[in-house]
Structures are given as structure tokens and as C-alpha cells.
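Only the coordinates and a few stated rules stand behind these numbers; no lab work does. Worth saying up front: this structure is predicted, and the values here are computed from it rather than measured. Glycine gets a Cβ as well: all are built from the backbone with ideal geometry, and neighbour counts include every protein chain shown.
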Amino acid sequence: MVTLETSANPVRSNEVYAEIFRRYDAKNSSPSGIAERASVLSALGDLTGKSVLDIGCGTGFYPRVFRRVGANEVVGIDLSEEMIGVGRQLEELEQAGISYHVLDAANLPDLGQFDVVTNMWLVNHMTDPVALAAFIEGFARLTAPGGTALLLTTNRDGDWKLFSDDYRRYGFTMTFNEAETAGNRPYLLELDSGGKAFSFQSTSWSPQVLEEEFTRVGFRTIERMHATLPTGNFPWVDGDHTANDADFFQDLLRSPAFTIFRLTK
């Protein structure tokens, strides 16, 4: 198993972050990844004609999804030049109309305001409450009045016994390996990427800390959304299960590894 070392900085170093996302993209085709995508789209509702900003977009997976379901203007930003480079290369091939920018989520400039602002997993790479607060301030500032913000992160309230063992059938495992400090608790994520296992350290913020920050920066409503599955058949890599396999997905729906906060400005 490959273990990726992490830096002590509040946000991961560019090189480690890029390597994680290069491997982590494989998770999007795992059972948990496809349930995650279905849950994000369900939480956002109809994106037709809307402007969308995805903060911490990695290689642009979600910006491409948002464009395909009807978003009018889509912008992706990420700290990693390498990840943005991949997104731009794919944009050259697909001509989807997505713009990508290399920017630091903890120090977001004025990009205007968007109907929808999203962030998937980025706060898991922030261990410093000051960096978290600065990010959420920018997150709120870029959301237009009446707009929607969506933040996806680790499900701290989930079944961590399930996550540390039986969740492997959904594509990965998560195991707490340090005590909680200032509202965040580190864990080890082990992911099977194309038959090659690797692991890296991540962190999980308590829902209470996140909700206090959302309230502080002026979001009017805070909702935690339910996990869902896509309709139709979505075969996984091993071809053994589809989204119609209720028994296989029972534990995932009961205790998803992710939680989604939907916020309105």
C-alpha cells in the first residue's frame, strides 16, 4: 500500500494535494462516488441557466457534471496548477464552456457572485480553524443573495465502525487515528484506485463547528441533505452491483461517508 505523506501546513502542499486528487478521481466511479454525485445533484435541484462556482474543483469532475445538466456559466478553481492543467486540457477536448483558475480557497479574490457555489471535500484538507473561517467567509461572499451554497464533507455523525471495515465494498475505508482538537478529528482514508491501494491522512470537522461558521457569515438557512442513488442501472467496475441493488446499498444509505450541507444566502 502506498501512503502519502502530508504537510503540517493548514492546507496541504500543492504536490501532495495534486497526487491525492489524481488517485482520488477513481473514487468517482465507485459505489460511494456515484451515490455522492446523485446526492449532490438531488440537493442542488435544477441548474438550468444558473451560474455555478466549484471551489476546490480538482481536475474539474463536478464542473463538467454541472455543465452537462444545464448550468449556463461554470467556473472551477483550485490551488493545484497540475489539477487545473488537467481540467483545461479536458476543456480543450470537450469545449464545454468551463473556465478554470488557480486560486487559494483560503484567500479567495473577488470573482463576482454566483447563483450556486459548491465545495466538495476541500475542508477535509484544512486543519486550522483560522483557515476554515477564512474559507467559509469567501464561500459566503461569492454566493449571490438568494443563491445556494453546497458543502460536502465527511460524515462525522456516521457509523465509524462501518467506515473502518465493511465500507471497503463501497470503495474505501476511513478510520479515526487521532483525538479531536478544536472541533476537527483526523482520520486515515484507504482507497483502492484501479486495484492499487493507497492511503492518506484527512480530517473531519464537527457539524457544530461548521454550522456555527455558516451562521456567522450570514447564511439564512442550513440543511443537511439525505444520501440518494441515481435512477436506472449504473454498473460498477466489477459489474456485480447496480443502483437497483437495494441490499448492497442499504448500509451506504443508512450511513453515507459524506454529508451535504445546503445553505441559502
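With a 10 Å Cβ neighbour count serving as the proxy for reagent exposure, in which order, fewest first, do His101, His125 appear? Walk me through the numbers before you get to the answer.
Details: His101 15, His125 22.
In order of increasing Cβ crowding within 10 Å: His101, His125.
Report the FRET efficiency, 1/(1 + (r/R0)^6), for Thr48 and Asp165, where r is their Cβ-Cβ distance and R0 is 45 Å, rounded to 0.05. The partial results should precede the final answer.
Numbers: r = 42 Å, r/R0 = 0.92.
FRET efficiency, Thr48 to Asp165: 0.60.
Taken one residue at a time, the phi angles of the range 215-221 give Karplus couplings (6.51, -1.76, 1.60, θ = phi - 60°) of 5, 4, 8, x, 5, 7, 10 Hz. Gly and Pro are set to x.
The shape of the range 27-167 comes out rounded: with a ≥ b ≥ c from the C-alpha gyration tensor, a/c is under 1.5. Amide H contacts of Asn155 (H built 1.01 Å from N, in plane; Pro and chain starts excluded): Phe258, Thr259 sit under 5 Å, all sequence-distant by 5 or more or on other chains. Annotation: the residues Glu180, Glu91, sorted from fewest to most other C-beta atoms within 10 Å of their own C-beta, follow the order Glu180, Glu91.
The HN-Hα couplings worked out from phi for the range 160-167 by the Karplus form 6.51 cos²θ - 1.76 cosθ + 1.60 (θ = phi - 60°) are 6, 5, 4, 4, 7, 9, 5, 6 Hz, whole numbers, x standing for Gly and Pro.
3J(HN,Hα) along the range 143-148: 8, 5, x, x, x, 10 Hz, from the Karplus curve 6.51 cos²θ - 1.76 cosθ + 1.60 with θ = phi - 60°, whole Hz, x for Gly and Pro.
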